[in-house]
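*Asks:* Before we start, here is the structure in question, set down as structure tokens.
Every number here is computed from the coordinates shown, using simple stated rules; none is lab data. Everything numeric in this text was worked out from a predicted model, so none of it was measured. Here the Cβ positions follow ideal geometry from the backbone for every residue, glycine too, while neighbour counts run over all protein chains shown.
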Amino acid sequence: MSSMFMPAQVPSEHLGWLSGKLLGVTLTSAEWVLWVLVCLSVFSIAIMLERTVYFSRHRLSDSEALAVRLTRGEFDAVRVAVQGKRGMEAAVIREALASASQGADAVEQIIASTVARERPQYERFLSFLGTLGNNAPFIGLFGTVLGIIKAFHDLGSLSVKGAAIQQTVMAGISEALVATAVGLAVAIPAVVAFNVFNRQLKTLTSRTTALGHALVGSLRAEAN
């Protein structure tokens, strides 16, 4: 495994010192790039599964019905309904109801504070998915470039002609293109998951805001 990281020996009579050193590094095997992409893919899949479970467990399935109850002023029933529930919506309802005696303006501030506190919990690891989706193709392209450089270097080192040259070049280039394909295979699911989770977070935030507006509106109606 360590041999793939050892610089290759290249003739340097036609190259400068720095060019020769850099070429020696690039002629190492590009297989390590594939291992990097495989590890990143495993991490991204684990994050997707963890976020899927988190989003499904930290939401209220009946938030629309609870918003109607809050509008009607059925605070006790709503308090019982969210007891033991987890997530942004439940936290906003609990803390807002606990502060209802302070007035609608204070409740609005508490709702905004609770949303700001809970939101980062839903955004955990999403930046990793976004970064991976944007950069995995470039990592794969880097592996492809290394493979093509090695293929043409091997071609220049051969003394044979004809079909043997074609076979050497085509085999090296096809092997190098695998890195680009793997990079795309890692990036596409990461981008899709990043967009899906962001969309779910926006929907959840909108539902939480709707619950907060329903409660504040009911409090102001009672005050009048």
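*Asks:* First check a/c for segment 182-224, with a ≥ b ≥ c the square roots of the eigenvalues of its C-alpha gyration tensor; if it is under 1.5, answer rounded, and if not, answer prolate when a/b is larger than b/c or oblate otherwise.
*Replies:* Taking the square roots of the gyration eigenvalues as a ≥ b ≥ c, segment 182-224 is prolate.
*Asks:* Which ³J(HN,Hα) values in Hz, rounded to whole numbers, follow from the phi angles of segment 66-77 under the Karplus curve 6.51 cos²θ - 1.76 cosθ + 1.60, where θ = phi - 60° and Gly and Pro get x?
*Replies:* Ordered by residue, 3J(HN,Hα) equals 5, 5, 5, 5, 5, 4, 7, x, 7, 5, 5, 5 Hz.
*Asks:* Once you put a point 7 Å from the Cα of residue 191 and another 7 Å from the Cα of residue 35, both along the Cβ direction, what distance in nm separates them?
*Replies:* 2.9 nm
*Asks:* So what's the gap between the Cα centers of segment 178-224 and segment 55-123, to the nearest angstrom?
*Replies:* 17 Å
*Asks:* Let me ask another. Hey, what do the phi angles of segment 37-46 turn into as Karplus ³J(HN,Hα) couplings, whole Hz, using 6.51/-1.76/1.60 and θ = phi - 60°, x for Gly and Pro?
*Replies:* 5, 5, 5, 5, 5, 4, 4, 5, 5, 4
*Asks:* Could you rank the peptides 173-179, 96-102 by their average count of other C-beta atoms within 10 Å per residue, with the highest value first?
*Replies:* Going by the mean number of other Cβ atoms within 10 Å, highest first, we get 173-179, 96-102.
*Asks:* Given R₀ = 35 Å, what would the calculated FRET efficiency be for residue 134 paired with residue 106, taking r from the Cβ atoms and rounding to 0.05?
*Replies:* 0.25
*Asks:* For residue 123 and residue 202 in the same chain, what is the full-extension length gain: residue separation times 0.36 nm, less their Cα-Cα distance, in nm?
*Replies:* That works out to 27.4 nm of additional length.
*Asks:* Using alpha-carbon pairs under 8 Å, 6+ residues apart, how would you state the relative contact order of segment 30-223 in percent?
*Replies:* Working: 209 pairs, mean separation 68.7, N = 194.
Worked out over segment 30-223, it gives 35 percent.
*Asks:* Arrange the peptides 129-136, 75-82, 140-147 so that the one whose residues have, on average, the most other Cβ atoms within 10 Å appears first.
*Replies:* Values: 129-136: 18.9, 75-82: 15.8, 140-147: 20.9.
With the highest mean Cβ count within 10 Å placed first, the list reads 140-147, 129-136, 75-82.
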